[in-house]
Amino acid sequence: MTDDKNSNSRRGGDLLVASLLAQKVDRAFCVPGESYLPVLDALHDVSDQIKLVVCRHESGAANMAEAYGKLTGRPGVCFVTRGPGATNASTGIHTAFQDSTPMVMFVGQVNSSMKHREGFQEVDFAAMFTPLAKWAAEITDPARIPEYVHRAFQTAMAGRPGPVVLSLPEDVLSDLVSGDIDTGLCAEPVNAAPTPAQFEQIAALVEASERPLLIVGGGDWRAGLGEQVASFAERFGVPIAASLRCQDYVSNDHPNYVGHLTIGAEPKLVDRVCKADLLIVMGARLGEMTTAGYTIVDPTKRGATMVHIYPDPEELGRVYQANLPINAGAVATAAGLAQLTPKSDIAKRSNWVAEARADYLASLTVAQRDTSVDLAQVVTDVREAVPVNAIVCSGAGNYTAWAHRFWKFDRFRTQLAPTSGAMGYGVPAAIAASLVYPDRTVVCFAGDGCFQMSTQELATAAQYGAKVLFIVVNNGMLGTIRMHQEREFPERVYATDLVNPDFVALAKAYGLSAERVVATADFKPALQRALAASGSALIEVVTEKNAISHRTTITAMRQKARATQA
C-alpha cells in the first residue's frame, strides 16, 4: 500500500484494488508477475475481502475466471503478466467470448516510457485482444482507473456478456494519485425487454403452429428462468431443446424438454428441428455446432418461421433473417413468457411434444456394448451417485459425448463446458466450481489428452482445498482427431496416438486419492471410495481405442470406408 499513511495520495495499484471492491469482487485468479506487483501488494491488505487464487499456468487462471463468471453471473477476474502471460491466457478469453461469459482480465504492461521499443515482453494488448474480447484497452492515466474498471465490468455484463481486457503499464500502477477519487458505482447488467406487442406476436405464432420448437441458450441466463420458460412451453404445447452446452437451462426431467443440440446430436432431434414450422430461439446464436454446420437451420434458405430473441441487437439479422427479431435479455423474456395464456386448445401439438419427449428418454437408454469399460454406464453410475445439484465439468474431446448424452441436468449451473471446444477447460473449471461452492459435489470428466493440458492445476486444487472428483478417460489417443482421421483418411493413423503417464501415480503425487479401473463392474465400487475421500480423488478409466464414440467403432468406420471405396 502507499507508504505515506497520512497522505491523501494512493498508488494506481491501490486505486485499482479499491475499484475492484466497488465492483463487489470477492475472488480473483492469477499467475503473479513483476509487471503488476503494486496490485499484489494492495491485494495483500484486502485478503479478507478478495480471495486470490494463484494458479500454475495462465490458461488455468483464465479458465477459472471464466468458470467463475458462468457460476455467478458477475465478471470473473484474472491477473496475468505481459507477453507470454497474456498469450497463455488468451484461450480463456476466447472461451469467454464464444460462451458469452462476463470476465475481466488485467494484464501487466511495460513502463510507458519504454513503449514502442519492443521492451521486455512488450505486446500491444489492445490490438492483440480486440478480436477476442468485447473491449480491450490500456489505462494510461492512473486517475482514470475507476472509470476504466467500471466500464470494463459494465461492458462485460451488458447485452451479450463477454470478456474485457485492460492493460496496466507499470508506471500507471506505481504512480501516486492525489485527491479524493471516487471509485464509482457497482456495475449491473443492462438488457432490453420485449414489448407487450411482441409477446402477443409470439403467442399468436405459437397458437397458429403445429410443430413449434423452442431452443434456449446464451450467456445471460439466470437461476429460475428455466422454470418460467418451461411453464410457458407446457401451457402452449412447445417442446424445448438446449443449444450447445446449455443442457442445464431447463430441467431435463420436465416433460417438454426434448434434448441437446450438440455435436452429433440425436438424429431424431435433428429431424424435428428440420420439420418444425416455428422456431423460437431464445438467447442462442444458432452457431455452427448447434446447427450441424448451418445445415439443420440454413441461413441461406427460408424455412420455418423464426422468432429470434437475443440481447445484442447486432446479432439479430447478422446470420439468420428472423420473421420476428427481438432485442431482449433472457430475464425479461422469461418473465414475460411466464405471463402468457393460450387462447386456444393445445391438443394439436400434444403428440408433437410427447413423441419428442419419448425420443429423448429413449436416447438415455444404456445399450450393451462389447467393450471392457462402458462409458455410458460409467456416466450413469456417477449421475445416480451424486446429488442433483452436483456441478459437472468437461473440456473437449470425444469422451464428452458420453457425459452430455447420458447425464440428466436438473437445475441451472450444474454444467460447465466450453462451447469454444477448448481442451484443458474441465480441470480448472472444476477447481473454480469447488472454491465458489465448497458444499457442492463437483465432477470433472476429462480425456487423457484434455486432462494433460491442465494437469498442473491439481497443485492449485491441493493448495486451496478444492474437492473434485476427476474421471480421466484414458484411451491412449486424441479421440476426436482420430475419428476425423479415420473418416477422411481411413487406416492412415498418424499423430493421434498418445504415450501417457501413470495417471494414478501422478494424482497421488498431488495428494489425491486415485485408482485405475479397467472393467465396467469395477467402476461403481471405485466411485464409492472416491466420493468418500476427504479431498479430491481421481479415477482413471482405461477404455479401448476401438470404442471411438458412443455410436460407432473404429472397426465399423473402416468397414464403411472400404465399402465406399469398393
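The values are calculated or read from the model by the stated rules, or taken from the named source; none is laboratory data. All of these numbers come straight from a predicted model, not from anything done at the bench. Positions of Cβ are generated from backbone atoms using ideal geometry, with glycine treated the same way; all protein chains shown enter the neighbour counts. All accessible areas refer to the heavy atoms of the entire protein, side chains included, with ligands and DNA or RNA removed. Shrake-Rupley method; radii C 1.70, N 1.55, O 1.52, S 1.80 Å.
The table that follows gives values for the structure above.
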quantity: Cα gyration tensor of region 90-155 - equivalent ellipsoid semi-axes, whole Å, descending; calculated: 22, 16, 8
quantity: Note, ³J(HN,Hα) from phi for region 479-489, Karplus 6.51, -1.76, 1.60, rounded to Hz, x at Gly and Pro; calculated: x, 5, 5, 4, 5, 5, 4, 5, 6, 8, 9
quantity: Rg and Dmax of region 284-413, Cα atoms only, in Å; calculated: 19.0, 55
quantity: Computed P(r) (all Cα pairs; region 361-445; 5 Å bins; percent); calculated: 3, 15, 25, 24, 19, 10, 4, 1, 0
quantity: Modelled FRET efficiency - R0 45 Å, residue 367 with residue 24, Cβ distances, 0.05 increments; calculated: 0.40
quantity: Heavy-atom accessible area per residue - region 304-353, 1.4 Å, Å²; calculated: 48
quantity: Cα-based Rg of the chain normalised by 2.2 N^0.38 Å, two decimals; calculated: 1.01
quantity: Mean projected area (nm²) of the alpha-carbon convex hull when region 271-332 is viewed from all directions; calculated: 4.0
quantity: Per residue, in Å², the accessible surface of region 473-566 once ligands and nucleic acids are set aside, probe 1.4 Å; calculated: 56
quantity: Relative pair counts by distance (%), Cα atoms of region 187-228, 5 Å bins; calculated: 5, 14, 18, 25, 23, 10, 3, 2, 0
quantity: Two-decimal ratio, region 35-154, of alpha-carbon radius of gyration to 2.2 N^0.38 Å; calculated: 1.03
quantity: Fraction of accessible area attributable to carbon and sulfur, the chain (%, probe 1.4 Å); calculated: 52
quantity: Inverse mean reciprocal Cα-Cα distance (Kirkwood Rh) of region 125-201, Å; calculated: 14.6
quantity: Charge dipole (region 121-211, unit charges on Cβ, about Cα centre) - positive-most of 152, 140, 121; calculated: 152
quantity: Aspartates and glutamates with Cα under 17 Å of residue 348, excluding same-chain neighbours fewer than 8 positions away; calculated: 207, 210, 234, 277
quantity: Cα coordinate range in region 309-374, projected on the principal axes (Å, largest first); calculated: 51, 35, 23
quantity: Convex hull of region 105-239 built on C-alpha atoms - directionally averaged projected area, nm²; calculated: 12.1
quantity: Under-5 Å amide H pairs with residue 416, H placed in peptide plane, nonlocal only; calculated: 392, 393, 394
quantity: Long pairs among 51/134; 408/467; 24/51; 508/545; 51/508; 275/343, criterion Cα-Cα beyond 18 Å; calculated: 51/134; 408/467; 508/545; 51/508; 275/343
quantity: Rounded to whole Å, sorted largest first: equivalent-ellipsoid semi-axes of region 159-291, Cα gyration tensor; calculated: 40, 19, 13
quantity: 10 Å-binned pair-distance histogram of region 486-566 (Cα, whole percent); calculated: 15, 33, 25, 19, 7, 1
quantity: Scattering curve values for region 421-566, log₁₀ I(q)/I(0), Debye with Cα scatterers, q = 0.21 Å⁻¹; calculated: -1.25
